[in-house]
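Shown next, in structure tokens, is the structure this report addresses.
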Amino acid sequence: MTTSQKITLGILSTIAIIMLVMVSFLILHNYQQWAVKPLGGILETPPTVQFLLANETPTTVPPGTLAPTIDFDVTNLPNTPICGGPLKMDLLMIGTDSRSGRYEYGLADAIRLVRIDFVTPRVFVLEFPRDLWVEIPEISDNIQQDHERLNQAYLYGNPGFNYYEHPSEGPGLLARTLNLNFGANVDHYVAVSMKTFIEVVDVIGGIDVNLPDGLDGRTGTDNSRRLIFPKGEQHLSGEQALTLARIRNQTVFTRAEHQNMVMCAVRKKMISPQVIPQLSQILTTFQENIQTDLTPEQIGQLACLGVAARPENIVFASFPNELFKESTVYDPVFKSFVFAWDVDFDILRQYTTQFQAGYWPSQQQISTNSAELEDAFLCP
């Protein structure tokens, strides 16, 4: 090889290396942009609840904030969060009852506020009964009233009704409703339809549950044997898992326990060695059928935390049952009386505030299974 050929080859090699570096930079830059891009419309920023640190002078709670001010114990300052996440995240999880595959027209059948602590790590899940008669913003111009049941907020905000003209659609209106009535501050949301839930459970190979007493969900209008679940360990398909979560012939609180059991089983299967490698494919397959403003990076953080958190640090809690009394409210939209819970919202606000601050349920309450937490459910 001549000297001129060597020089030419050296120049071409240098150009190739520069181009490779540039292409690598562009790929990395595009990946970084993709990883931090929300998969749906982000939420409106709700009014900020000002919490007090220990020994601080009380301050006025900002107008529009319904939750009470509480004190923080600062003797144990937080350590570094794991999985690259924030100190904590408040996530609104919604299960919709639309069977058409078009989640935007469904009601919020299951509503959960999830407090995710990336330091401990720990996950607490609080159920909000869907039949609470609440004030829903943005709807009065459309239906000439500003109150409806809580599960309607999701429906009214989605395409089809579109009473809430915001990119976060139904989940955003439901988040605003929870903030307005109970002082709940939501960082992000995930909404999944029944059809998508069935498909996800089937893709991961079904789930395993243990029913200590068995369950017969048959009613006078539906006597199908698919509603019978035997006592003990059993493997459920997606359709069977959804059926168990939706059995209605018992109390709504028992129904919530069944839903919590199913969610625990899904989480357990998701972090199993045979499923973890498929999570990326599952996300790609179903992202068009799920409403969320999480970024791929945040989903990765949550998946990491789901593996790291010990089962005893995943707790499902409900408001104390004795707070709720059955009642009816006249609904001008339906021109009839509808079922709604009679409950003191001030008390629910206090519980919600303590829940989001990490005070309730306390570890002592969980370990002693106090009457106040008679509906608490720990993932096995």
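Here, each number is a calculation from the coordinates, and none is a lab measurement. This one's a predicted model, so the numbers in the text were calculated from it and none came from an experiment. Note: ideal-geometry Cβ built from the backbone for every residue, glycine included; neighbour counts use all protein chains shown.
Assorted remarks:
- Nearest-0.05 FRET efficiency for Glu135 and Ala308, computed from C-beta distance (R0 35 Å): 0.35
- For Glu44 and Glu297, the difference between the fully extended length at 0.36 nm per residue and the C-alpha to C-alpha distance is 89.0 nm.
- Modelled FRET efficiency - R0 41 Å, Val119 with Asp344, Cβ distances, 0.05 increments: 0.80
- Placing a pseudo-label 7 Å from each Cα along the Cα-to-Cβ vector at Thr221 and Thr328 gives an inter-label distance of 1.6 nm.
- Within straight-line reach of Lys88, meaning a Cα separation under 25 Å, sit the following lysines at least 8 residues removed in sequence or on another chain: Lys37, Lys268, Lys269.
- Protection proxy ranking of 230-243, 335-348, 159-172 - average other beta-carbon atoms within 10 Å, highest first: 159-172, 230-243, 335-348
- Close amide-amide hydrogen proximity is noted between Thr295 and Leu39, each under 5 Å apart and 5 or more residues distant or on a separate chain (H modeled in the peptide plane; Pro and chain starts excluded).
- Förster radius 22 Å - calculated FRET efficiency between Asn321 and Ser272, Cβ distance, rounded to 0.05: 0.05
- Nitroxide proxy distance, nm - points 7 Å out along Cα→Cβ at Gln354 and Asn79: 2.7
- Cut-off under 5 Å, modelled amide H: who pairs with His147 long-range: Ile136
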